[in-house]
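Below: one structure, written as structure tokens.
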Amino acid sequence: MKNSITLGTGTPFNLDATLGCGQAFRWEKGADGIWSGTAKGRAIQIRQDGEILSFTGADEAFITDYFALDLDLDQVLFSIDADPAIHRAVATCRGLRVLRQEPFETLISYICATNTNIPAVKKRVRLLSERYGTPLPDGAYAFPEASALAPCSEDALRACVLGYRAPYVCATAQMCADDPGWAARVAALPYQEAKSELLRFPGVGPKAADCILLFAFQQYRAFPVDVWIRRIMRRTYLPHLRERGGMSPREYEEIASFARQHFGKYAGWAQEYLYCVREEE
């Protein structure tokens, strides 16, 4: 590959865990160990061999920023290593990093991610990109801008298998196209105010808002709670919560608030590490 970075022992990184943990939907790993995907309008291929990252489609500065390689991961992990459960997750998935993703793509992706699974989300995001995004090298497509999605009808978006999410995507894209400064405004707000701002968008609930804040705005206090995290938190930390039945807004906030207090300012990183070992629970 054209470019490479030597990480060194002071920069722990696990490419497979980072791209395979479900935080981003535009990446696929080939049989040759190369991950291919798109990020912020770039078609990228990247492979890790020990401490060597080899890649094409972006420069070193972009890769460093996107994969948060400039963040002191050891300090982050030390701060969240508060109990045996998270300690095991950190030991198992050490090197997983929270990506720095593009806000509009993340917003729409997590509207598409409600009440579904990762393969379905990947299909929706891929179809939106192929039909409304800019072509990139090697047959890839950038995620469409808000201005490209805003004119789309609900029926056109349903053709991208969005289902009931189509009107949410239509309305949200229009809101973002009409207000191009929305992302900068959210980025400047503290956590709770930023979350309230995101909840204005149709189809964005508390969990989607927390995902968007964590993955696109580096609001590391955000602690998204899905069915897997709910199960882990109930069994490990909050056994008084009932196991069956849907999760109420009150329960969601109880879990997230506990996590922010227990894990501190990097609670969102703890969430990703716990999610990484979810199938072992």
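Residues that are acidic (Asp, Glu) and either in contact with a helix residue (DSSP H, G or I) (Cβ under 9 Å, 6 or more places away or on another chain) or surrounded by 15 or more Cβ atoms within 10 Å (Cβ to Cβ) (or both) within the range 51-64 are absent altogether. Within the range 44-63, residues that are modelled with pLDDT of 95 or more reach partners that are hydroxyl-bearing (Ser, Thr, Tyr) and assigned to a helix (DSSP H, G or I) with beta carbons closer than 8 Å, at six or more positions or on different chains, in the pairs ALA58/TYR66.
A Cβ distance below 8 Å, combined with a sequence gap of six or more or placement on separate chains, defines the contacts here; from the range 252-270, residues that are within 13 Å of PRO224 (Cβ to Cβ) and touching a residue at least 60 places away in the same chain (Cβ under 8 Å) reach residues that are among the charged types (D, E, K, R) and buried (at least 16 other Cβ atoms within 10 Å of the Cβ) in the pairs ALA267/ARG221; ALA267/ARG260; GLY268/ASP210; GLY268/ARG221. Scanning the range 83-98 for residues that are in the same structural domain as PHE201 (by TED's automatic domain parsing), surrounded by 15 or more Cβ atoms within 10 Å (Cβ to Cβ) and touching a helix residue (DSSP H, G or I) at 6+ places or on another chain (Cβ under 6 Å) turns up nothing. Before we move on, is ASP72 modelled with pLDDT of 95 or more, charged (D, E, K, R) and within 24 Å of GLN271 (Cα to Cα)? Spelling it out, ASP72 is indeed modelled with pLDDT of 95 or more, charged (D, E, K, R) and within 24 Å of GLN271 (Cα to Cα). Applying the set (1) surrounded by fewer than 21 Cβ atoms within 10 Å (Cβ to Cβ); (2) under 16 Å from LEU274 (Cβ atoms); (3) small (Gly, Ala, Ser) to ALA187 leaves exactly one unmet item: (2). Only one residue in ARG250, ARG235, ARG231 is within 21 Å of ALA113 (Cβ to Cβ), in a helix (DSSP H, G or I) and modelled with pLDDT under 95. Which one? The conditions single out ARG231. Of all the listed residues (TYR191, TYR141, TYR168, TYR220), the sole one being in contact with a Pro (Cβ under 7 Å, 6 or more places away or on another chain), of a type in the set (Phe, Trp, Tyr) and closer than 30 Å to TRP269 by Cβ is TYR168. Scanning the range 72-111 for residues that are small (Gly, Ala, Ser) and under 20 Å from the mean Cα position of the chain (by Cα) returns ALA89, GLY95, SER109. Among the residues making up the range 2-26, a single one is loosely packed, with under 13 Cβ neighbours inside 10 Å and more than 15 Å from GLY95 (Cα to Cα): LYS2. Residues in the range 76-128 that are within 20 Å of ASP226 (Cα to Cα), in a helix (DSSP H, G or I) and among the polar types (S, T, N, Q): THR106, SER109.
The values are calculated or read from the model by the stated rules, or taken from the named source; none is laboratory data. These numbers come from a predicted model, not from an experiment. Ideal geometry is used to build each Cβ from the backbone, glycine not excepted, and the neighbour counts take in all protein chains shown.
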